[in-house]
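Q: First, the structure itself, so that you have it in front of you.
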Amino acid sequence: METKKRHPGLAIINFMLFFFAFIIHYTDSISISIKNAVPIIILPLLTAFAMFSSPAASAAVGLITGICMDGAASGALCFNAAVLMLAAALTSVCANNLFNRNVRSALLLSVIVTLVYFVLRWACFYAFTLSARDNLTYLLSYAFPSVIYTNIFIFPFYFLYKHFNMLRNE
C-alpha cells in the first residue's frame with residue numbers, strides 16, 4: 001500500500017490556483033484573450049488536477065468549480081456544474097486506468113475536455129437560436145480558437161501537479 005504524506009499547504013495552494021483562475025476568467029482587470037479566442041484556464045487546471053487525484057475528489061472539485069462558474073454567469077442553469085463534474089471524474093478515471101500520466105496524455109485529455117465543453121456549450125446555448133451562418137461563425141471564429149488557446153495552459157499546470165504528486169508520494 002502506498003502511503004501519502006499530508007501536506008496541508010497543497011490544499012491551500014490548490015484553492016488559490018482555482019481562485020486566481022476564476023478571477024482571471026471572470027474579471028476584466030486581467031485580459032488574456034487574443035482577438036476572439038478567450039481561454040477558459042479553469043479547464044486545463046481542472047484536467048491537470050484530475051489526472052493526479054481520485055475520481056471522487058476530482059468530481060467534487062469539478063462540481064464546486066462549476067457551481068462557482070454558474071453563479072458568476074447569469075442564466076447558465078447548472079450547465080457548468082454538470083459538465084465540469086463529469087469531465088473531472090472521467091478525466092481522473094481515464095488518467096488512472098487508461099492513460100499514462102505524461103505530457104502527451106495530459107494534452108490529449110485537455111483537448112478532449114475543452115472540445116467537449118465548447119461543443120456542449122454551443123449545442124445548449126447557441127445551436128438552435130442562431131442561423132446556420134452565425135453558428136458557423138461562432139464555431140470557427142470563437143469556439144475552436146478558444147479550444148486551441150485554452151490547451152496551451154495545460155503544460156504549466158501539468159508540471160505543477162506532477163510536482164505536487166511527487167511531494168505527496170515521497
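The values are calculated or read from the model by the stated rules, or taken from the named source; none is laboratory data. As the structure is a computational prediction, the values presented were derived from the model and not from experiment. As a convention, Cβ positions derive from the backbone with ideal geometry for all residues, glycine included, and neighbour counts pool all protein chains shown. Accessible surface areas use protein heavy atoms only, side chains included; no ligands, DNA or RNA. Shrake-Rupley method; radii C 1.70, N 1.55, O 1.52, S 1.80 Å.
Q: In nm, to one decimal, how far is the modelled label at residue 144 from the one at residue 124, with both set 7 Å along Cα→Cβ?
A: The modelled label-to-label distance comes out at 2.3 nm.
Q: Can I ask one more? Please name whichever of 111, 139, 128 sits farthest to the positive end of the charge dipole of the stretch 1-151, dipole taken about the Cα centre and charges placed at Cβ: Lys and Arg +1, Asp and Glu -1.
A: The residue sitting most towards the positive pole is 111.
Q: Okay, moving on. Based on a Kirkwood Rh over C-alpha pairs, give the Stokes-Einstein translational diffusion coefficient of the stretch 21-170 at 20 °C and viscosity 1.002 mPa s in µm²/s.
A: It diffuses with D of about 136 µm²/s by this estimate.
Q: Oh, and also: List residues of the stretch 78-94, by number, whose backbone nitrogen lies under 20 Å from a label position 7 Å along Cα→C-beta of residue 165.
A: 85-94
Q: Rounded, prolate or oblate: which fits the stretch 121-170, taking a ≥ b ≥ c as square roots of the Cα gyration tensor eigenvalues, rounded meaning a/c under 1.5, else prolate when a/b beats b/c? Mind dumping the intermediate values first?
A: Values: a/c = 9.40, a/b = 3.27, b/c = 2.88.
Because a/c hits 1.5 or more and a/b exceeds b/c, the stretch 121-170 counts as prolate.
Q: Next question. Pairs of alpha-carbon atoms within less than 8 angstrom and 6+ residues apart define the contacts here; what relative contact order does the stretch 1-82 have, in percent?
A: 19 percent
Q: With axes computed from alpha carbons, what is the tilt in degrees of helix 55-72 against the longest principal axis of the chain, rounded to the nearest 10 within 0 to 90?
A: Computed tilt is about 40 degrees.
Q: While we're looking at this one, here's another question. In whole percent, and with a 1.4 Å probe on the protein chains, what portion of the accessible area of the stretch 75-118 is carbon and sulfur?
A: Within the stretch 75-118, the accessible surface is 73 percent carbon and sulfur.
Q: Sticking with this one: Divide, for the stretch 78-124, the radius of gyration over alpha carbons by 2.2 N^0.38 Å, where N is the residue count.
A: 1.19
Q: Could you give the angle, 0 to 90 degrees to the nearest 10, between helix 42-51's Cα long axis and the longest principal axis of the Cα atoms of the chain?
A: 30 degrees
Q: On a C-alpha basis, how far is the centre of the stretch 72-92 from the centre of the stretch 138-170 in Å? Whole number, if you could?
A: About 17 Å separates the Cα centre of the stretch 72-92 from the one of the stretch 138-170.
Q: Relative to the longest principal axis of the chain, what angle (0 to 90°, nearest 10) does the C-alpha long axis of helix 154-169 take?
A: In the chain, helix 154-169 runs at an angle near 20 degrees to the longest axis.
Q: Also, I was wondering about something else. D for the stretch 84-167, whole µm²/s, Stokes-Einstein with Kirkwood Rh over alpha-carbon pairs at 20 °C and 1.002 mPa s: what number?
A: 151 µm²/s
Q: Gain in length, residue 34 to residue 7, computed as 0.36 nm per residue apart minus the alpha-carbon separation, to one decimal in nm?
A: 6.0 nm
Q: Please give the charge dipole size of the chain, origin at the Cα centre, charges +1 on K and R Cβ atoms and -1 on D and E Cβ atoms. Round to the nearest 20 debye.
A: 380 debye
Q: Would you calculate the separation in nanometres between label points at residue 103 and residue 54, each defined as 7 Å from the Cα along the Cα-to-beta-carbon direction?
A: Rounded to a tenth, the inter-label distance reads 3.1 nm.
Q: Mean residue ellipticity at 222 nm from the helices of the chain, using -39,500 (n - 2.57) per DSSP H segment of n ≥ 4 over the full residue count, to the nearest 500 deg cm²/dmol?
A: One gets -23000 deg cm²/dmol as the mean residue ellipticity at 222 nm.
Q: Measuring with a 1.4 Å probe in the full set of protein chains, what accessible area per residue, in whole Å², belongs to the chain?
A: The answer is 57 Å² per residue.
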